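The values are calculated or read from the model by the stated rules, or taken from the named source; none is laboratory data. Since we're looking at a predicted model, the values are computed, not measured. Here the Cβ positions follow ideal geometry from the backbone for every residue, glycine too, while neighbour counts run over all protein chains shown.
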Amino acid sequence: MGRTLFDKIWESHVITERDDGTALLFIDRHLVHDATAQAFDQLKAEGKKVRRPDLTFGMADHYIATHHDPERDPVHDDMVTTLAENARDQHIMSFGAGDERQGIVHVAGPELGLTLPGTLLVCGDSHTSTHGALGALAFGIGTSEVAHVLATQTLWQKRPRSMHIRIDGELGPYVTAKDLILTIISTIGANGGAGHVIEYSGKVIDELSIESRLTLCNMSIEAGARAGMIAPDETTFAYLKGKPFAPQGENFERAVSVWRNLTSDADAQHDAEITIEARAIAPTVTWGNSPETALPVTDHVPTLEEIEVNKREQYSATIEYMGLEPGEKLTSLVVDRVFIGSCTNSRLEDLREAAKIAKLGKAKVPTVVVPGSQQVRRQAEQEGLHEIFLQAGFEWREPGCSMCVAMNGDSVPDGARCASTSNRNFAGRQGPGSRTHLMSPAMAAAAAITGHLTDVRELEGIKC
Amino acid sequence: MLAFTEHRGQVLRLPWENIDTDQIIPARYLHRPRDAGYGEQLFHDLRFTPDGSLRVGFPLNDPTKAESSILVAGRNFGCGSSREHAVWALLDYGFRVVIAPDFGDIFFNNSLKNGLLAIRMDEQSIESLMQVGGDSTILTVDLSRQSITNRDGVSLEFDIDSYRKEALLKGESEVQMTFRLLDEIKEFEGRHITENPWIETP
């Protein structure tokens, strides 16, 4: 029987296997960031050193400042410094504050060519699923596992099952990879992919840019999946060519000839099969505190009667937390903040989409744009996107995780409603009491200039 | 790692779905060193109002439940962020067992690597254990027998991978266990990098 893309990468990394199916896997790439200090402490407590510093790369993103904040807690800078110290002590190449290659690890990693097809990549961050967009097997791990990889360059894992999601049809105007993944999550549920690695394929995927594929794979974890992945194709190879950490010259051609085999065989069987029709998808927003609460922006906040009986208690708590009226139109929700950024939606393509909308008006509420990396920031500035944002009254900042995870001091105030391009609308995620609605960059920019959730397709001056 | 053999304790029920690790431990506490302890921060924003007073109605704030050490949770417990601090917060508060229909995969792995026994059990089985004594149920969890027993003597078996079970019973560091395989790792590594040289050299 044929093998899936996942099977091929998994099996080529198994060093040994135990009777219960737990495998010891070799790790090709280990990315660490400024919120993994405790793993280095564990490594020292074990009396070990980093075994393969040449396969380990550091990136300051979670705690890094995105603007000058006189009230910034010095402990946040300490975390950035601690990463630099650990990297120096362990001879790891690390991209910290002031480095022109710095950025969010899931934005800067792919753009530097650190993420390669067929490799097994891990990082102590759940959104590591992002890197599967380039045909890698990539997943997030916890602190103890980070310490284990640092010490051994290996990891014990139980083999996940595989799920295939095929996307047919085509995406409509202003319907993006973000709308697609939110729709997938609401279709299969926040644990629909639990214990699985998802492989995405179909005409829509073939036509997506790498940046959009990264957005799609990024939020696979929000469906509970270990990883998301897409078979590498000509789009992938063209993206990787010339990247500083990708193979160069003849080595690149040799690598591509191997990478071309990284597809699921025609007779391969996945453990689960799902089909999504792209034409049915509208610009999508979330209303509750789980990404599975995604709905077309044309819809309304669910009423009690529309909720399954055993979920009503939790529904009522969510309605109260989010400050919603059951049945009200989603487009009537007035926002207090807009955040455009995060490892989901802070790449050049995202900023171009947001800028197109920003051109149409002025921000009605405080709006922050945080590019995903220094490279994205430079490219956006070369194209003049920052001027468009500034003219629209949006703030233009330095790269980092920022208001997505609210660990560096950037946060949404208690009770404030935020239209956000990030990945999680959990209670308190963007700060205690914050109310997050997830959406695409164009939709967030539309909310910024109208002051409420808006169907971007209906904005005056938009051609659909 | 903290070893786990047998544990008897009081159940706290938290039947909501999709309790994410941001709820278990908010991000603003993650910079603390491990030995600073995280028990006070467990479920912080669910337990406390912004002015620091206890939120009425949150199960852990019931004085008769404060000593609970077995958490019985809803579907997809521990989803979201990979932060291992969620496990540390539960352990530091005093929890040793979490039972749920299913878990966030990373949380599940993190639990077992720290001596917090995460048990997957379907809702029907959970209910059959909970029938006695309602919310104040006392359960005994025996890892070597893979059993959960309530005060009426109702006993159910649970599944766990043999490797994880062995590691938990011994409380041995996984890093030290893996180092015994170093020769095998090096042999694989040499072959793997010869076949895929771009892993090492651009």
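Quick grid of which residues meet (1) under 16 Å from B:Phe95 (Cβ atoms); (2) free of Cβ contacts under 8 Å to residues at least 40 places away in the same chain:
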position: B:Gln10; (1), (2): yes, no
position: B:Ala27; (1), (2): no, no
position: B:Gly39; (1), (2): yes, no
position: B:Phe58; (1), (2): yes, yes
Quick count over region B:143-175, residues being touching a residue at least 60 places away in the same chain (Cβ under 8 Å) and either loosely packed, with under 15 Cβ neighbours inside 10 Å or within 14 Å of chain A (Cβ to nearest Cβ) (or both), is 9
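Do the conditions hold for A:His148, that is, is it buried (at least 24 other Cβ atoms within 10 Å of the Cβ), of a type outside the set (Phe, Trp, Tyr) and within 7 Å of chain B (Cβ to nearest Cβ)? Can you show your working first?
Working: buried (at least 24 other Cβ atoms within 10 Å of the Cβ): yes; of a type outside the set (Phe, Trp, Tyr): yes; within 7 Å of chain B (Cβ to nearest Cβ): yes.
In short, yes.
When you go through A:Gly242, A:Gly228, A:Gly249, A:Gly193 one by one, which is the residue that is crowded, with 19+ Cβ neighbours inside 10 Å and either within 10 Å of another protein chain (Cβ to nearest Cβ) or farther than 23 Å from A:Thr421 by Cβ (or both)?
On the way: A:Gly242 fails: crowded, with 19+ Cβ neighbours inside 10 Å; A:Gly228 fails: either within 10 Å of another protein chain (Cβ to nearest Cβ) or farther than 23 Å from A:Thr421 by Cβ (or both); A:Gly249 fails: crowded, with 19+ Cβ neighbours inside 10 Å.
The match here is A:Gly193.
Name the one entry in A:Gly109, A:Gly21 that is small (Gly, Ala, Ser) and under 16 Å from A:Gly140 (Cβ atoms). Spell out how you get there, then give the answer.
Values: A:Gly21 fails: under 16 Å from A:Gly140 (Cβ atoms).
Of A:Gly109, A:Gly21, the one residue that is small (Gly, Ala, Ser) and under 16 Å from A:Gly140 (Cβ atoms) is A:Gly109.
So which residues in region A:218-238 are over 15 Å from A:Gly118 (Cβ atoms) and not polar (S, T, N, Q)? Steps first, answer last, please.
We begin by selecting, within region A:218-238, every residue over 15 Å from A:Gly118 (Cβ atoms); these are A:218-226, A:228, A:234-235, A:238.
If the condition is that a residue be over 15 Å from A:Gly118 (Cβ atoms) and not polar (S, T, N, Q), then A:Met219, A:Ile221, A:Glu222, A:Ala223, A:Gly224, A:Ala225, A:Arg226, A:Gly228, A:Glu234, A:Ala238 are the ones that fit.
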Note on region B:88-110: residues surrounded by fewer than 24 Cβ atoms within 10 Å (Cβ to Cβ), in contact with a helix residue (DSSP H, G or I) (Cβ under 6 Å, 6 or more places away or on another chain) and facing chain A (nearest Cβ under 10 Å) are B:Pro101
Note on region A:5-20: residues touching a helix residue (DSSP H, G or I) at 6+ places or on another chain (Cβ under 9 Å) and either modelled with pLDDT under 95 or farther than 22 Å from B:Ser173 by Cβ (or both) are A:Ser12, A:His13, A:Val14, A:Arg18, A:Asp19, A:Asp20
So, first residue of a type in the set (Ser, Thr, Tyr) in region A:263-286, second residue exposed (fewer than 14 other Cβ atoms within 10 Å of the Cβ), Cβ within less than 8 Å, six or more apart or across chains; the pairs are A:Ser264/A:Gly2; A:Thr275/A:Asp168
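Strands (runs of 3 or more DSSP E) wholly in region A:256-317 with at least 3 residues that are in contact with a strand residue (DSSP E or B) (Cβ under 6 Å, 6 or more places away or on another chain) and modelled with pLDDT of 95 or more - which ones? Walk me through it before giving the result.
Working: elements: A:272-277, A:284-286, A:294-296.
By residue number, A:272-277, A:284-286.
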Restricted to region A:245-271 and to residues being out of contact with any Lys or Arg (no Cβ under 8 Å at 6 or more places or on another chain) and aromatic (Phe, Trp, Tyr), the residue nearest to A:Gly228 (Cα to Cα) is A:Trp259
Checked against (1) at pLDDT 95 or above; (2) within 11 Å of chain B (Cβ to nearest Cβ); (3) closer than 27 Å to A:Leu116 by Cβ, A:Tyr63 satisfies every condition except (3)
